[in-house]
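Here's the structure we're looking at; comments come further down.
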Amino acid sequence: MSTFDQAIVRTGGKQYRVEPGTVLRVEKLDGDVGNTVELPEVLLLGKGSQAQVGKPLIEGAKVTGTITAQGRGAKVIVYKFRRRKNYRRKQGHRQAYTEIKIDEITG
């Protein structure tokens, strides 16, 4: 297992480009602040100018990080309206997130 400079990982239905030391917000993951978390769905690994691409995933590769925060994002207002029909619906939503600091990329 060697260490890499950068990777592209998939979590929560989205893809993120990460490097050691990167702090990113992802869809909510289980765990408390300070716990370590593994992201096993690695799509690409890079070291310098060389890249290793998975088909679709790279076997045995993983990205480890530390949970730095659990929270909820800003409120988004969902407003539905039909003119002349006396129809109005107002609903708010706050998306839960987990903030992760990337520690190590191995493959």
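In debye, nearest 20, what is the charge dipole magnitude of segment 6-106 about its Cα centre with +1 on Lys and Arg Cβ and -1 on Asp and Glu Cβ, if you could check?
On the way: 20 positive and 10 negative charges, 344 e Å.
It works out to roughly 1660 debye.
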Quiz prompt | Which labelled figure in (i) 0.96; (ii) 1.43; (iii) 1.07 is Cα Rg over 2.2 N^0.38 Å, once derived from the coordinates | solution = (ii)
Practice problem: Determine ³J(HN,Hα), in whole Hz, for all residues of segment 57-62 in sequence, where each value follows from phi through the Karplus function 6.51 cos²θ - 1.76 cosθ + 1.60 and θ = phi - 60°; x replaces Gly and Pro. | Solution: 10, 9, 5, x, 8, 7
Quiz item: Can you list the trypsin sites (Lys or Arg not before Pro) in segment 1-78 that are in a DSSP coil and have 14 or fewer other beta carbons within 10 angstrom?
Solution: Lys28, Lys75
Quiz item: Simple spin-label model, 7 Å along Cα-to-Cβ: Thr3 to His93 in nm?
Solution: 4.0
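For segment 37-107, which GluC sites (Glu not before Pro) are both in a DSSP coil and crowded by at most 10 other Cβ atoms within 10 Å?
Numbers: sites: Glu38, Glu41, Glu59, Glu99, Glu104; in loops: Glu41, Glu59.
Those satisfying the criteria are Glu59.
Of Lys14/Lys80; Lys62/Lys101; Lys28/Lys101; Lys14/Lys62, which ones are farther than 20 Å apart at the Cα? It would help to have the intermediate numbers written out before the result.
Working: Lys14/Lys80 27 Å; Lys62/Lys101 14 Å; Lys28/Lys101 14 Å; Lys14/Lys62 16 Å.
Check vs 20 Å cut-off fails for Lys14/Lys80.
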Exercise. Putting +1 on Lys and Arg Cβ atoms and -1 on Asp and Glu Cβ atoms, find which of Ala69, Gly21, Thr106 reaches farthest to the positive end of the dipole of the chain.
Key: Ala69
Quiz prompt | Sites Glu59 and Arg82, calculated FRET efficiency, Cβ-Cβ separation with R0 41 Å, nearest 0.05 | solution = 0.20
Quiz item: Got the relative contact order for segment 6-106 handy, in percent, Cα pairs under 8 Å and 6 or more residues apart?
Solution: 33
Quiz item: In whole angstrom, how far apart do the alpha carbon centroids of segment 1-60 and segment 63-107 sit?
Solution: 21
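Just so you know, all these numbers are worked out from the coordinates, no wet-lab data involved. The structure presented is a predicted model; accordingly, all values stated were derived computationally and were not measured. Note that each Cβ is placed from the backbone with ideal geometry, even for glycine, and that neighbours are counted across all protein chains shown.
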